[in-house]
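Q: Pasting in a structure now, in structure tokens, and then I'll have a few things to ask.
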Amino acid sequence: MTQLLFILSHPPGSSIYAQEAFDAALAGSAFSNIALLFVGAGCLQLIEPKLAVEAHQRKDFQRGFRALPDYDVHNVYGCEDSFNQFRLHNQALVIQPTLLTQPDISALLKSVQRVLTF
Amino acid sequence: MNFALNIQGSPYTSNSHWSALNFAQACLSEGHGIHRVFFYHDAVLVANALQAPPQDEMNLTTAWQTLGQDYELDLCLCVASCLRRGILNDSEAQRFEKTASNLAAGFNISGLGQLIEASLVSDRVISFGA
């Protein structure tokens, strides 16, 4: 059962919030069963960041998404509406989340014990 | 009910601290408990003892200190967020060989585990976003 759901809503690059939010999620995975949900501009974190990382010399924290199974994090979700809004369906992504509709997201929010929004 | 607060916004450039302070005051005056107030992202800047806002404006650092003292709150800052933004207690200042420390009284620097623990043991966790 998922104890903590981390909602990730900040885009990468424009601030350090996305990177720090992922740090918090990894800390959560050490203590409990967690899930991640990418929403809104947060979905942009999933785009393969190679060019942006090279151009801005920032840390490629998204590489860590691929290691999530090693942290026993298997439930990674994305908002389907946001994916449509940002046209992410044909983009090269770091990892492919399970896409959820609005009713799916409502059900997810009800099923988890706590929600941490970043 | 027992609450955990997760505050993320910068003190004077977002509404995060104002909302959180109002929420905390309302909560405590209604007899609810606050297990921990956790400051993350730019929210840790509120614990910079060197801030001196104009006297006719709200001083957020003092507001948290007063509330913390009145209700014996655990005002906890993320260490990684602090180090990145230059909020240092004596031991971190020494460790990184800095010339001064600037952590305001009443706040303590700890790790993300404190946010996770607070989230798991409280009845509700409320995030005040950046």
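Q: Only one of A:A52, A:A25, A:A67, A:A21 is more than 21 Å from A:T117 (Cα to Cα), touching a residue at least 12 places away in the same chain (Cβ under 8 Å) and not basic (K, R). Can you tell me which?
A: None of the other options fit; the residue is A:A52.
Q: Can you tell me which residue among A:F83, A:F65 is assigned to a helix (DSSP H, G or I), away from every other protein chain (no Cβ under 14 Å) and either within 11 Å of the chain's Cα centre (by Cα) or acidic (D, E) (or both)?
A: A:F65
Q: Filter region A:7-53 down to the residues that are touching a strand residue (DSSP E or B) at 6+ places or on another chain (Cβ under 6 Å) and within 11 Å of another protein chain (Cβ to nearest Cβ) and list them by number.
A: Scanning region A:7-53 gives A:I7, A:A21, A:A25, A:G28, A:S32, A:I34.
Q: Ok, one more. Among residues belonging to region A:89-118 that are of a type in the set (A, V, I, L, M) and in a helix (DSSP H, G or I), point out the one that is nearest to the other protein chains (Cβ to nearest Cβ).
A: Only one residue tops the list, namely A:L109.
Q: B:G68 is checked against (1) more than 22 Å from B:S110 (Cβ to Cβ); (2) free of Cβ contacts under 8 Å to residues at least 60 places away in the same chain and fails just one. What number does that condition carry?
A: (1)
Q: Of all residues being among the β-branched types (V, I, T) and in contact (Cβ under 8 Å) with a residue 60 or more places away in the chain in region A:1-18, which is surrounded by the fewest Cβ atoms within 10 Å (Cβ to Cβ)? Just the residue, please.
A: Checked region A:1-18; the qualifying residue surrounded by the fewest Cβ atoms within 10 Å (Cβ to Cβ) is A:T2.
Q: Looking at B:A93 and the list (1) in a loop (DSSP other than H, G, I, E, B); (2) among the small types (G, A, S); (3) surrounded by fewer than 19 Cβ atoms within 10 Å (Cβ to Cβ), which single condition is not satisfied?
A: Result: B:A93 passes all but (1).
Q: Could I ask something else about it? If you go through region B:116-125 one residue at a time, how many are more than 9 Å from chain A (Cβ to nearest Cβ) and either surrounded by 14 or more Cβ atoms within 10 Å (Cβ to Cβ) or among the hydroxyl-bearing types (S, T, Y) (or both)?
A: 1
Q: May I pose another question? Would it be correct to say that A:Y77 is more than 20 Å from B:S81 (Cβ to Cβ), surrounded by 19 or more Cβ atoms within 10 Å (Cβ to Cβ) and in contact with a helix residue (DSSP H, G or I) (Cβ under 8 Å, 6 or more places away or on another chain)?
A: Answer is yes for this residue.
Q: So B:S91 clears everything in (1) closer than 30 Å to A:L26 by Cα; (2) more than 14 Å from chain A (Cβ to nearest Cβ); (3) touching a strand residue (DSSP E or B) at 6+ places or on another chain (Cβ under 8 Å) except one condition, right? Which one?
A: (3)
Q: On to the next question. Can you confirm whether B:L45 is over 15 Å from B:L5 (Cβ atoms) and either among the hydroxyl-bearing types (S, T, Y) or touching a residue at least 40 places away in the same chain (Cβ under 8 Å) (or both)?
A: Yes: the conditions hold for B:L45.
Q: Then there is this: Kindly list the number of the only condition in (1) within 25 Å of A:A21 (Cβ to Cβ); (2) part of a loop (DSSP other than H, G, I, E, B) that fails for B:R36.
A: If we test B:R36 against (1) within 25 Å of A:A21 (Cβ to Cβ); (2) part of a loop (DSSP other than H, G, I, E, B), just (2) comes out false.
Q: Still on this structure: Quick check on region B:100-115. Is at least one of its residues within 12 Å of chain A (Cβ to nearest Cβ), hydroxyl-bearing (S, T, Y), within 14 Å of the chain's Cα centre (by Cα) and part of a helix (DSSP H, G or I)?
A: Among the residues of region B:100-115, not one is within 12 Å of chain A (Cβ to nearest Cβ), hydroxyl-bearing (S, T, Y), within 14 Å of the chain's Cα centre (by Cα) and part of a helix (DSSP H, G or I), which makes the answer no.
Q: Report, by residue number, each residue of region B:40-86 that is among the aliphatic types (A, V, I, L, M) and within 14 Å of chain A (Cβ to nearest Cβ).
A: Scanning region B:40-86 gives B:A43, B:V44, B:L45, B:L77, B:V79, B:A80, B:L83.
No lab work stands behind these numbers, since they all come straight from the coordinates. In this text, all values refer to a predicted model and were calculated from it rather than measured experimentally. Reconstructed Cβ throughout: ideal geometry from the backbone, glycine too, with neighbour counts over all protein chains shown.
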